[in-house]
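Data first, discussion second: the structure below is written as structure tokens.
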Amino acid sequence: MSDTEIVERLKGDLGARALEIANPDRRRIFLKVAPADLVAAVTLLRDRYDCAFLSTISGLDAGEAFEVLYHFASPVTTIHVRTATPRSDPRLPSICAVIPGAVLYEREIQEMFGIVVDGIPDGRRLNLPDDWPDGVFPMRKDWKHVRPEEVIPGGKP
């Protein structure tokens, strides 16, 4: 199946739930959906488009909103599902019921961006130390790193 055929089929399957569909390069399809339609779109990709392999989930601080991209690979193409959630109340539904391996990526999105992932089966910290301050998210543009003072044993005070 060609990229054009996949795009047309996605348009038919998703209808108005597909906010945007683009095919900027060969074997690359970008699909934008609202957070409320995310689980349905991922289920469709898994069941009808052979996209059961989630490569990763990445996030982007776009100022007033956070964009989250779900990168799926199939034998024919890669499909990137993009959704956005407002900075004022960043929430997304978990896709773990559809793609169980998404749990680690969703934990990372929660931890690094402060996006609440509703329904995640395991919301524990993943990368940051246990003593990391609550409400501080290092992938947000407003985060400022303060480098601790370097201490050299035997050095001058």
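Bear in mind these aren't lab numbers, they're just calculated from the coordinates by the rules spelled out. Model, not experiment: these values are computed from the prediction. With ideal geometry, Cβ positions are generated from the backbone for all residues, glycine too; neighbour counts draw on all protein chains shown.
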Query raised in the report: Using the beta-carbon distance between Lys141 and Leu69 and R0 = 22 Å, what value does 1/(1 + (r/R0)^6) give for FRET efficiency, to the nearest 0.05?
Result: 0.85
Query raised in the report: What FRET efficiency, computed as 1/(1 + (r/R0)^6) with R0 = 22 Å and r the Cβ-Cβ distance, is obtained for Glu150 and Arg125, rounded to the nearest 0.05?
Result: 0.25
**Report entry** Kirkwood Rh (inverse of mean 1/r, distinct Cα pairs), the range 3-89, angstrom
**Finding:** 13.1
Report task. Please turn the phi angles of the range 45-62 into ³J(HN,Hα) values with the Karplus equation 6.51 cos²θ - 1.76 cosθ + 1.60 (θ = phi - 60°), one per residue in order, whole Hz, x for glycine and proline. Result -> 4, 5, 7, 10, 10, 6, 9, 8, 9, 8, 5, 5, 10, 10, x, 8, 7, 9
Report task. Report, in deg cm²/dmol and to the nearest 500, the calculated mean residue ellipticity at 222 nm for the chain, where each DSSP H run with n ≥ 4 adds -39500 (n - 2.57) and the sum is divided by the residue count. Result -> -6500 deg cm²/dmol
**Report entry** Calculated P(r) of the chain - Cα pairs past 23 Å, %
**Finding:** 43
Query raised in the report: If you put +1 on each Lys and Arg Cβ and -1 on each Asp and Glu Cβ, how big is the dipole of the chain around its Cα centre, in Debye rounded to 20?
Result: 260
Report summary line: Here the gain from full extension of Arg48 to Asp89, 0.36 nm per residue of separation minus their alpha-carbon distance, amounts to 11.5 nm
Report summary line: To the nearest 10 degrees, the tilt of helix 103-113 (Cα long axis) against the first principal axis of the alpha carbons of the chain is 60
